[in-house]
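The values are calculated or read from the model by the stated rules, or taken from the named source; none is laboratory data. All of these numbers come straight from a predicted model, not from anything done at the bench. When we count neighbours, we look across all protein chains shown, and the Cβ atoms used for this are built from the backbone with ideal geometry, even at glycine. Please note that ligands, DNA and RNA were not included when accessible areas were found on the heavy atoms of the full protein model with its side chains. Shrake-Rupley method; radii C 1.70, N 1.55, O 1.52, S 1.80 Å.
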Amino acid sequence: MSSGAVFLNTALLMLKEAAEYLNLDPGLHEILKRPKRTVIVSVPIKTDKGETKVFTGIRVQHSNARGPYKGGVRYYPSVDVEEVTALAMLMTWKCAVVDLPYGGAKGGVACDPKSLSKSELERVTRRYTSMIYDVIGPYIDIPGPDVYTDAQTMAWMVDTYSMLRGVFTPEVATGKPISLYGSLGRLDATSRGVVITAREFFKSVGKPLKDAKVAIQGFGNVGYNAAKILHDEYGAKIIAVSDSKGGIYNSEGLNPHKVIEHKNKTGSVVGFPGSKPLAADEVLTVKCDLLIPAALENAINKQVAERIDAAVIAEGANGPTTPDGDKVLQERKIAVVPDILSNAGGVTVSYLEWVQNLKRETWTIEEVHSKLEAKMVRGFKDVNERAKKYEVPMRQGAMILAVEKVAEAINYQGIWP
Ligand code: NAD
């Protein structure tokens, strides 16, 4: 089974479980199990050497019952329809959990972005955008960045869409550069959200984040910025981090600014002066107060979960825990702030960016931060209320909250015609 198929299986199991708690109508469950639309496109480009390469592009639109589809685009070799479908579903739930007026979608191009030049990436992005042009739009489906895509990718998407439409349309994508109407605070929004929900959890058990020992898997956008915010603003100790090449450890704490400098220079966190090397999975099992998986899905399986030595896990990545792994964590009473709550800060500031674009306004960082803070704290509270009511962990609480909202919206609208 591909990693994407495992991930989709997990997403469907989570939905089934929530449907059972809610005693959901079987017809509604059936609707929610399937994406509304799946688009698979061929993305041919000329390489810098003049050769022709063809990639597969995907856009899955899971639900628009609560608003336009919303979700990132990832460039990764193993991207497949199952993975993108699972991620689109998660987006539907995530937007519902923090009460954004959006549905859920996700996109991807199966390619190895590290082996492509900037101009090749531009051609991939422009061709992919043109191929999904018919199904995206500011009130239809709004893409954003995800793994190995960034503000530059979104700028190319906006330009391609605007050229084809003949109208400057920055609101067709979020996560854009600031000079192209991106929002202040978008770059570290996901991480800020992860930290806010972790802080709320710590508060709920009477512990401060100051001096808390933190381990982080993945040192990209989410992992690095979470490390920076925890270190700079909360005085937490980042004791272990990793990337795709391996991990590093220092019980006295790592300075994330220096680690990123090293990574930018050498291509990896590995070999950072004064740190001990860790094997790939070891970052997940070091003794710590807070563990943040911020790489890819399925990282915490049963075997890893049995060895985790953290008080709480805040899921920065999407779907980092397998159902088997989750069961072990529950048995071991390790608390988990689930992905659809914990990492919803990114889509929340994407929503704030979209609203600014539609109103042709630009807000201050203070305005963005205070709106993000309010959404995340409210989401944390709502999830915990559901978890208490149904006597379930936060993950199930979040799913119950989300599925209830989306199902209710579908129910009121009815099935057309
Ligand atoms: P990114 O590409 O910036 O970073 C990914 C990091 O993970 C890189 O440092 C990479 O080296 C590392 N990595 C890959 N495989 C690894 C492995 N096996 N072990 C350890 N590290 C590994 O991506 P990102 O935007 O930080 O996204 C990370 C996760 O967060 C993804 O699951 C993504 O879907 C999720 N997420 C991102 C956002 C966002 O706003 N960027 C929002 C919500 C969720």
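The test for being at negative phi, in contact with a Cys (Cβ under 8 Å, 6 or more places away or on another chain) and surrounded by fewer than 23 Cβ atoms within 10 Å (Cβ to Cβ) does not hold for K203. Screening segment 1-45 for residues that are in a helix (DSSP H, G or I) and among the β-branched types (V, I, T) and picking the one that is farthest from the chain's Cα centre (by Cα) gives I31.
Against the definition (open to solvent by 30 Å² or more (accessible area, probe 1.4 Å) and away from the ligand (no atom under 16 Å from the Cβ)), how does G166 come out, yes or no? For G166, the condition - open to solvent by 30 Å² or more (accessible area, probe 1.4 Å) and away from the ligand (no atom under 16 Å from the Cβ) - is met.
Restricting the first member to segment 1-29 and to residues that are within 21 Å of D324 (Cβ to Cβ), and the second to residues that are part of a helix (DSSP H, G or I) and among the basic types (K, R), the beta-carbon pairs closer than 7 Å and six or more apart or on different chains are L12/K33; L15/K33.
Between a first residue in segment 215-230 that is within 17 Å of K258 (Cβ to Cβ) and a second residue that is assigned to a strand (DSSP E or B) and more than 8 Å from the ligand (Cβ to nearest atom), which pairs have beta carbons less than 6 Å apart while being 6 or more apart in sequence or on different chains? Close Cβ pairs (under 6 Å, with a partner that is assigned to a strand (DSSP E or B) and more than 8 Å from the ligand (Cβ to nearest atom)) amount to I216/V241; I216/I292; F219/V241; G223/I216; A226/I292; A227/I216; A227/I238; L230/V214.
Among the residues of segment 136-150, which ones are open to solvent by less than 20 Å² (accessible area, probe 1.4 Å) and either at positive phi or assigned to a helix (DSSP H, G or I) (or both)?
Matches in segment 136-150: G137 only.
Against the list (1) within 24 Å of A299 (Cα to Cα); (2) open to solvent by 10 Å² or more (accessible area, probe 1.4 Å), the condition K265 fails is (1).
Among the residues of segment 239-253, those that are in contact with a helix residue (DSSP H, G or I) (Cβ under 8 Å, 6 or more places away or on another chain) and either open to solvent by 80 Å² or more (accessible area, probe 1.4 Å) or aliphatic (A, V, I, L, M) (or both) comprise A240, V241, I248.
Yes or no, residue by residue, for (1) closer than 28 Å to D382 by Cα; (2) of a type outside the set (V, I, T):
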residue	(1), (2)
L209	yes, yes
K228	yes, yes
E233	yes, yes
I239	no, no
S244	no, yes
Y249	no, yes
S275	no, yes
L278	no, yes
K287	no, yes
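The number of residues in segment 183-193 that are open to solvent by less than 10 Å² (accessible area, probe 1.4 Å) and either outside any helix (DSSP H, G or I) or more than 9 Å from the ligand (Cβ to nearest atom) (or both) comes to 1. Output the residues belonging to segment 268-286 that are within 25 Å of the chain's Cα centre (by Cα) and surrounded by fewer than 21 Cβ atoms within 10 Å (Cβ to Cβ). Once the filter is applied, which keeps residues that are within 25 Å of the chain's Cα centre (by Cα) and surrounded by fewer than 21 Cβ atoms within 10 Å (Cβ to Cβ), segment 268-286 yields S268, V270, A279, A280, D281, E282, V286.
In segment 206-238, how many residues are away from the ligand (no atom under 16 Å from the Cβ) and either open to solvent by less than 50 Å² (accessible area, probe 1.4 Å) or assigned to a strand (DSSP E or B) (or both)? Give the derivation first.
Taking segment 206-238 and keeping what is away from the ligand (no atom under 16 Å from the Cβ), we get 206-213, 231-237.
Adding the requirement that they be either open to solvent by less than 50 Å² (accessible area, probe 1.4 Å) or assigned to a strand (DSSP E or B) (or both) leaves 209, 212-213, 235-237.
Within segment 206-238, residues that are away from the ligand (no atom under 16 Å from the Cβ) and either open to solvent by less than 50 Å² (accessible area, probe 1.4 Å) or assigned to a strand (DSSP E or B) (or both) number 6.
Here is the figure for segment 361-373: residues that are loosely packed, with under 13 Cβ neighbours inside 10 Å and assigned to a helix (DSSP H, G or I) total 3. Filter segment 293-306 down to residues that are open to solvent by less than 30 Å² (accessible area, probe 1.4 Å) and modelled with pLDDT of 95 or more and give me whichever is farthest from E331 (Cα to Cα). Filtering first and then ranking leaves A294. Among what's in segment 151-163 and is more than 13 Å from the ligand (Cβ to nearest atom) and of a type outside the set (S, T, N, Q), pick the residue that is surrounded by the most Cβ atoms within 10 Å (Cβ to Cβ). Filtering segment 151-163 for residues that are more than 13 Å from the ligand (Cβ to nearest atom) and of a type outside the set (S, T, N, Q), the one surrounded by the most Cβ atoms within 10 Å (Cβ to Cβ) comes out as M157. If you go through segment 319-338 and keep only what is within 16 Å of the ligand (Cβ to nearest atom), without any contact (Cβ under 8 Å) to a residue 60 or more places away in the chain and closer than 19 Å to V205 by Cα, you end up with just V336. Screening L341, L358, L290 for residues that are more than 12 Å from the ligand (Cβ to nearest atom) and buried (at least 17 other Cβ atoms within 10 Å of the Cβ) leaves exactly one candidate, L290. Criterion first (away from the ligand (no atom under 16 Å from the Cβ), of a type in the set (F, W, Y) and open to solvent by less than 20 Å² (accessible area, probe 1.4 Å)) does Y128 satisfy it? Yes.
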